[in-house]
1. For the stretch 123-140, which positions are within 15 Å of Ala158 (Cα to Cα) and assigned to a helix (DSSP H, G or I)?
2. In the stretch 218-240, what residues are closer than 12 Å to Val83 by Cα and surrounded by fewer than 14 Cβ atoms within 10 Å (Cβ to Cβ)?
3. Pull out all pairs, ordered by first then second residue, where Cβ-Cβ is under 7 Å, the residues are six or more apart or on different chains, the first lies in the stretch 71-99 and is more than 14 Å from Phe204 (Cβ to Cβ), and the second is away from the ligand (no atom under 12 Å from the Cβ) and among the basic types (Lys, Arg).
4. Just name the residue that is farthest from the ligand (Cβ to nearest atom) out of those in the stretch 220-240 that are out of contact with any Gly (no Cβ under 6 Å at 6 or more places or on another chain) and of a type in the set (A, V, I, L, M).
5. If I filter the stretch 63-93 down to residues being in a loop (DSSP other than H, G, I, E, B) and near the ligand (Cβ under 10 Å from one of its atoms), which single residue comes out as nearest to Tyr338 (Cα to Cα)?
6. Tell me the residue from Ser235, Ser270, Ser261, Ser223 that is touching a residue at least 60 places away in the same chain (Cβ under 8 Å), outside any strand (DSSP E or B) and within 17 Å of the chain's Cα centre (by Cα), please.
7. Looking at Leu123, Leu147, Leu96, Leu107, which one is modelled with pLDDT of 95 or more and within 13 Å of the ligand (Cβ to nearest atom)?
8. Could you please find all residues in the stretch 190-225 being under 23 Å from Leu369 (Cβ atoms) and hydroxyl-bearing (Ser, Thr, Tyr)?
Amino acid sequence: MSKKTEVANRQLDTQLVHLGRNREDSAGFVNVPVNRGSTVLFPDVQSMEDPSSMRYTYGLQGSPLIEALQSTINTLEEAAGTVLVPSGLMAVTLPLLAVAQPGMRALIPDNVYWPTRRFCDGLFARLGIETVYYDPLIGAGIEALLLPDRKSILFTEAPGSNTFEMPDLPALLAAAKAADAWTMIDNTWATPLLYKPVPAGFDFSIQAGTKYFAGHSDALIGSVSASERAWKALSSTHQQLGLQAGTEEMFLALRGMRTLSVRLARHEASALDMAHWLCTQPFVKRVLHPGLPDDPGYALTQSLFGGRSSGLFAFVLDGNREQAREMLNTLELFGLGYSWGGYESLAVLAQLDHCRTVSRWSDGPVVRLSIGLEDTADLKADLLKGAAQAGLPTADG
Ligand SMILES: *Cc1c(COP(=O)(O)O)cnc(C)c1O
């Protein structure tokens, strides 16, 4: 324990290498082993009756591997506590369930990750929770939608899925605080390396660890970190629901944490390179990336994320949807697939019609790109080839 405290005081890149590791649990090996286990053996009946002296009691409750990943994420998030779950989507729904009471109102941004909307319109509605969707750029205007006395849940995503509007987080937090609302943010895009929601004032920080934590498109995992006042509700709901991440996935996520900082820096640099280049292309109407100086979210991104950004953004095609289909079908290096944050680049033709209700999308087709670790010259050539195939104009260079 004293050793962990020491690591937490070191520089970030050193922390990522050393957090969660200790010799005793790994018998001297560098990495924490995978503990596959339901049953933990007790030395006698007395210790079953009073387990206070037991480090672990059951596989769902804890293991050295669970503890290693949990404590690593918790240190990065600077939170009161962190739990692990089997997917990013579960990391979204768990904190919602943890604080929900009948008659409450959930405020959800209109550009939210679509399955979050499906949960709110489905199970959450059935439990008697009202959902109100808000324009992601509402800012301080959120005040009018908040119910007083901790009867609201303010949910946000920064930037929002597919269209990457950057919400005014300080304004949202201030209004939520005045109404004593619960606050939660899906922080998957920024990761705790660019933004730490709990010290900033959020009750819950949500991570789809499937994306940058694991980083190799080979694991589904999520984490939720909580503030001091929210931790009890989170840990108790996690326990009541019987949640835990799978052992293999925890191992992969912990392994991914070791290289998170170097991967993220490369994803960031390559995505910015691609975004700037796309701005010069005649087949592009506009680029949706809050790290671009022309983007409406630029100033907020600068101040909240220390000028950093990650590898997922989109562009609006100056063409029709059929041309977008043809362009994407031609791509060789960009895979067509959901999820993002892996080492390989992906493209998705966003479907925005059915997922927005208060801020309808009226611009052209939106192509979302997850920029991987390939050489960007090859990625540009791939997009140029796709655009040409679709009969769209291109520019060299
Ligand atoms: C992918 C994603 C999730 C869900 O993660 P899964 O592990 O795929 O369930 C949640 N939020 C955001 C913003 C995402 O992009």
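The values are calculated or read from the model by the stated rules, or taken from the named source; none is laboratory data. For clarity, every value in this text was computed on a predicted model and none was experimentally measured. In this analysis, Cβ positions are derived from the backbone assuming ideal geometry, glycine residues included, and neighbour counts consider all displayed protein chains.
1. Gly139
2. Within the stretch 218-240, Lys232, Ser236, Gln239 qualify.
3. From the stretch 71-99, the pairs are Ser71/Lys4.
4. Ala233
5. Here the residue is Ser87.
6. Working: Ser235 fails: within 17 Å of the chain's Cα centre (by Cα); Ser270 fails: within 17 Å of the chain's Cα centre (by Cα); Ser223 fails: outside any strand (DSSP E or B).
Among Ser235, Ser270, Ser261, Ser223, only Ser261 is touching a residue at least 60 places away in the same chain (Cβ under 8 Å), outside any strand (DSSP E or B) and within 17 Å of the chain's Cα centre (by Cα).
7. On the way: Leu123 fails: within 13 Å of the ligand (Cβ to nearest atom); Leu147 fails: within 13 Å of the ligand (Cβ to nearest atom); Leu107 fails: within 13 Å of the ligand (Cβ to nearest atom).
One residue alone meets the criteria, Leu96.
8. Listed by number, the residues that qualify are Thr191, Tyr195, Thr210, Tyr212, Ser217.
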